[in-house]
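First comes the structure, then the notes that go with it.
The values are calculated or read from the model by the stated rules, or taken from the named source; none is laboratory data. Given the structure is predicted, the values throughout are model-derived calculations rather than measurements. All Cβ positions, even for glycine, are placed from backbone atoms using ideal geometry, and neighbour counts span all protein chains on display. Keep in mind that these areas ignore ligands, DNA and RNA; they rest on the heavy atoms of the full protein, side chains included. Shrake-Rupley method; radii C 1.70, N 1.55, O 1.52, S 1.80 Å.
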Amino acid sequence: MTTNVYQLTAKEKRFIGWHFIVAVSALALGSLFGPFQAMEHAGWDFYEKFLNPIFHSYYAGLTLHGVLNALIWTTFFITGFLTFTMIFGLKRPLRYPKLNQVGFWMMVVGLVTASIPILLNQASVLYTFYPPMKAHPAFYIGVTLVVVGSWIEGWGFYLTYYQWRKEHPNTRTPLIAFMSLITMVMWQFATLGAAAELLVDLIPWSLGLRAGLDPQLDRTYFWWTGHPLVYFWLLPAYMSWYAFLPRQAGGKLFSDSLARFSFWLFLLLSVPVGFHHQYVDPGVPSGWKTVHSLLTYSVFFPSMITAFTVVSSLENAGRKRGGKGLLGWIAKLPWNDPSVLAQLLAGILFFFGGIGGLINASYNINLVTHNTAWVPGHFHLTVATGVTLTFMGILYWMVPYLTGKELWCKKCAVIQVWLWFIGMTIFSNAMHVVGLLGAPRRTPLGQAPYIPEEWAGHLLRVGIGGFILLISVYLFVAVVIGSLFTKKLEKEVEPPVADSLLDPQTTPRWLDRWVPWLVGVVILLIIAYGPQLVYQISTAQFTSPGFRVW
Amino acid sequence: MSNEKLPDNGNEDFEHPKGTAVIMAIFMLLIIILWGSVYLIMLSRGVTFYG
Amino acid sequence: MANKRESMHIDPYERTWIMISILMLIVFFGAITVAGLSFGVRVPDPVARVDPNNLAASGTFAEPGLKEVAPKRYEAYIVAQTWTFNPREITVPVGSIVKFYVTSKDVQHGFKLQNTNVNMQIVPGQVSSLAVKFDEPGEFDFICTEYCGIAHAAMYGKVIVVP
Ligand code: HEM
Ligand SMILES: [Cu+2]
Ligand SMILES: [Cu+2]
């Protein structure tokens, strides 16, 4: 990485920048509702006061919140970031830039198509859109276009890689390009479930071409995609922790080969685990639930590798900066750099998200947590912090890199990150606790008639955390927008890609071969899903007509 | 590519990650405590299957 | 270039950490298996299919409610619908074992009986079933835990356990 750094052209930078503009806009609108939901739980219902009649109800807002944050902010950020890591990693332009542009614009068209019915309250079905709730067809078509657009961008990456491989037959794939490819390949296996659900069931049904659906079967399709969706969010964040953060902190990646090995395991194990979201479903036999529980436990294994490898890379950095003793290196890390700070704090909360995930995954323990406030408490530590705060941290160096201008108000960025950390700690702890006490999710608890006294204190903390997060979100948006108008940097930002302690060329060859792993993915999918899919499809009863219940 | 590097450059600043081991030990302890407490909550809420 | 020494580079500390993690996962999995198989904290299994558009024709849900099958053993047939449960209230004597059978006649719902491990997804066309034993007198709310439309927050019922 030391010599011949590839310089992205202005055009490439602009293309990536457009992804981020859409992503940040989605976050800016989508995250408006989160704090409002949280404050509603505390009994401060600003929905009626401020959001009506533009946003019709709690659920129109919650649908926007889920879709814009979990689907749009993430997908646009990720495709943009991976475009960068592919080009920069392989040190060459995209093979067919036009193809990637087609993918991007298809995603934009999909976003607009899906947003209109949501804003008109024609699709308040939440981001999981479980049938037989029936949204306007434009909602399903829009979501489909976003997914297909992201596939097309992925195909652009594969073709670029194929060309690179022909030119460099014996070189290990550069780590960041390798990780980007795994992310995209995983995503394409993952979205087969949603594709089946949308194309075969929901779209024809919403258009009136099919009379009824089998909601249980559609849940199975949905969660084929729904779980690996979280790994689609997570892997780019892991990539930043493995391959950028060590350099930003002043060190090296501790183990290139373990980093790759863990990514292969994520590819292998992310998809065949979807029944862990269906532990309490009536139509899935408990034996298959156990199988997926075991497989989910296996995904914990590469996460543990990641935890160790990332922390030891940070230790390496802190020691180089003069850290002494067992833990003295921690204080030496550059905590005042907003990009590093964001990723460190994201990582800390993600530890706890991981623990909650292991609890949810534990089969019968899921009876305690399923569909309670615990679950949003959990995934605001993972996707809304581990991932989102990391992406914010990435933008804190990437926006200056793309625009060639200074970051506006670095201090504001540091404060923003701390506010997110503090707000989320309060919010998610309270959500976990009140969930354990039995509070349901997806419920405006301020209106529920069954709230016992003992929940009140925790719901208050939910609201306080949400309020702090409200400030943090818009401080973030302000820093990003502000940075478009600052003065030119004297020296261009150099993307902080970390070297590894050992030359990547010493990484075993089997960690750079695709075919055996892909065959493994297919076999595992057939084992984990094959029998149940055949059974559920062959016994399906397409009896449910659509309902509009909002 | 990195031709200037020797094949065995791996011993460069090599040191066992002691601090990481400590942090991971704390992490493991937290996992056991938190997982265990929800497990106990589950047990305290009784049985769902009577043969 | 091609003949560099290949190695996995796993630090002994990291190897130990991985081993301990795996051991921990095995212990955890053992613990939940024991809770399921020996103690009987289990998740729902498929029990029956129904036609959500015509529950009256499907025998057991024609007249939802409580049925005594043996002394202190009951079956409770409950229909979830927007935005209520039918029936909304059930009364049983203390010490009863109640097996719940819940289905939906419209969209998906949830059924969570507070302070017990009964927590189920209710899916039209399917019957969700778990059992519980009431050892103390008192009231137990069952609430809908899945978004089912605009008045979802109001959807609940209760089990009254009398001495
Ligand atoms: C700005 C701070 C945020 C706050 C205060 C917040 C708050 C909330 C609350 C209270 C809920 C639960 C609503 C309910 O169950 O009734 C919720 C749901 C959710 N949030 Fe957030 N959120 C925030 C940011 C985010 C971000 C950044 C993401 C993703 C990147 C996200 C993703 C989600 C998702 C996927 C749901 C579930 C929606 C559903 O149940 O359909 N949130 N949020
Ligand atoms: Cu999952
Ligand atoms: Cu409901």
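Set the Cα radius of gyration of region A:302-407 against 2.2 N^0.38 Å, with N its number of residues, and you get 1.30.
Here is the list for region A:320-359: trypsin sites (Lys or Arg not before Pro) lying in DSSP coil, each with at most 15 other C-beta atoms within 10 angstrom of its C-beta, are A:Arg321, A:Lys324.
For A:His370, no residue has an amide H sitting under 5 Å from its own, ignoring neighbours fewer than 5 places away on the same chain, with H placed 1.01 Å from N. Chain A against chain C buries an accessible area of about 5900 Å², both chains summed, 1.4 Å probe radius. Given q = 0.14, 0.27 Å⁻¹, what are the Debye log10 I(q)/I(0) values for region A:1-78, with equal point scatterers placed on the Cα positions and solvent ignored? Cα-only, vacuum Debye calculation for region A:1-78: -0.57, -1.14. Considering only alpha-carbon pairs that sit under 8 angstrom and 6 or more positions apart, the relative contact order computed for region C:81-124 is 35 percent. Reported value for region A:443-550: 383 Å³ per residue, from the convex hull of its C-alpha atoms. Contact order, relative form, for region A:37-135: 39 percent (alpha carbon pairs under 8 Å, 6 or more residues apart, mean separation divided by residue count). All Cα-Cα distances of region A:39-100, cut into 10 Å bins from zero to the largest, leave 18, 30, 19, 15, 15, 2 percent in each bin in turn. Comparing C:Ser129, C:Ser38, C:Ser21 in a Gaussian network model of chain C where C-alpha atoms under 10 Å apart are linked, the largest mean-square fluctuation is found at C:Ser21.
Among C:Phe100, C:Phe28, C:Phe142, the residue with the largest mean-square fluctuation in a Gaussian network model of chain C, with springs joining Cα atoms closer than 10 Å, is C:Phe28.
Interface size, chains B and C: roughly 2500 Å² of accessible area buried, both sides included, 1.4 Å probe, rounded to the nearest 100.
Taking every DSSP bridge with both residues inside the protein assembly as shown, close to 65 percent are antiparallel. Each part gets one Cα centre, and for region C:67-133 versus region A:286-352 those centres are 43 Å apart. With kT/(6 pi eta Rh) evaluated at 37 °C and eta = 0.692 mPa s, and Rh the Kirkwood radius from Cα pairs, region A:1-145 diffuses with a coefficient of 195 µm²/s according to Stokes-Einstein. Ligands, DNA and RNA are left out, and with a 1.4 angstrom probe the accessible area of region A:11-538 is 31 Å² per residue. Using C-alpha pairs below 8 Å separated by at least 6 residues, the relative contact order for region A:11-538 is 18 percent. Computed from backbone phi, the HN-Hα couplings of region C:66-81 come to 9, 10, 8, 9, 6, x, 6, 10, 10, 10, 10, 9, 10, 9, 8, 8 Hz, rounded to whole numbers (Karplus: 6.51 cos²θ - 1.76 cosθ + 1.60, θ = phi - 60°; Gly and Pro given as x). Only one residue of A:Gln447, A:Leu460, A:Phe476 has its Cα farthest out toward the positive end of the dipole of region A:416-550, where Lys and Arg carry +1 and Asp and Glu -1 on Cβ, and that residue is A:Gln447.
For region C:55-162, the solvent-accessible area works out to 32 Å² per residue, with a probe of 1.4 Å and every protein chain left in place. Going down the list A:Lys289/C:Lys158; A:Lys411/A:Lys487; A:Lys11/A:Lys411; C:Lys72/C:Lys112, which pairs span over 25 Å between their C-alpha atoms? Those over the limit are A:Lys289/C:Lys158; A:Lys11/A:Lys411. Computed from protein heavy atoms with a 1.4 Å probe, the total accessible area buried between B and A is close to 2900 Å².
Binning the alpha carbon pair distances of chain A at 10 angstrom intervals from zero yields the distribution 4, 18, 29, 29, 15, 4, 0, expressed in whole percent.
Mean per-residue shielding of peptide C:17-29 is 6, counting Cβ atoms of other chains within 10 Å of each Cβ. Per-residue ellipticity at 222 nm, computed for chain C from helices alone with -39500 (n - 2.57) per DSSP H run of at least four residues, works out to -5000 deg cm²/dmol. Would you mind counting up the charge near A:Val375? Only other residues with Cβ under 12 Å from its Cβ, with Lys and Arg at +1 and Asp and Glu at -1. Here the count lands on +1.
Charging the Cβ of each Asp and Glu at -1 and of each Lys and Arg at +1, and nothing else, the dipole of region C:55-162 about its Cα centre rounds to 160 debye. For chain C, the average shadow cast by the Cα convex hull is 16.5 nm², which is a quarter of the hull's surface. Most tightly packed first, judged by the mean number of other beta-carbon atoms within 10 Å of their residues, the peptides A:536-543, A:72-79, A:146-153, A:83-90 read A:72-79, A:83-90, A:146-153, A:536-543. Sequentially through region A:420-431, phi angles give Karplus couplings (6.51, -1.76, 1.60; θ = phi - 60°) of 4, 4, 5, x, 6, 4, 5, 4, 6, 4, 5, 5 Hz, Gly and Pro residues having no value and appearing as x. Each principal axis of the Cα atoms in region A:150-204 has its own extent, and those three values, largest first, are 47, 17, 13 angstrom.
Of the solvent-accessible surface of chain A, computed with a 1.4 Å probe and all protein chains present, 70% belongs to carbon and sulfur. Peptides A:461-467, A:240-246, A:154-160, A:492-498 ranked from most to least packed by the mean count of surrounding Cβ atoms within 10 Å: A:240-246, A:461-467, A:154-160, A:492-498.
Over chain A, dividing the summed -39,500 (n - 2.57) contributions of all DSSP H runs of at least 4 residues by the number of residues returns a 222 nm mean residue ellipticity of -21500 deg cm²/dmol.
Rounded to the nearest whole Hz, the Karplus-based 3J(HN,Hα) values (6.51 cos²θ - 1.76 cosθ + 1.60, θ = phi - 60°) of region A:79-88 follow the sequence 4, x, 5, 5, 4, 4, 5, 5, 5, 5, with x at glycine and proline. Could you check how much of the accessible area of region C:55-162 is carbon and sulfur, as a whole percent, using a 1.4 Å probe? Of the solvent-accessible surface of region C:55-162, carbon and sulfur hold 50 percent. Counting Cα-Cα pairs of region A:213-326 in 10 Å increments starting at 0 gives whole-percent bin shares of 14, 35, 24, 16, 9, 2, 0. For region A:113-215, the Stokes-Einstein estimate of translational diffusion at 25 °C and a viscosity of 0.890 mPa s comes to 156 µm²/s, using the Kirkwood hydrodynamic radius over alpha-carbon pairs.
Counting, for every residue in C:35-42, the Cβ atoms of other protein chains within 10 Å of its Cβ and taking the mean gives 6.
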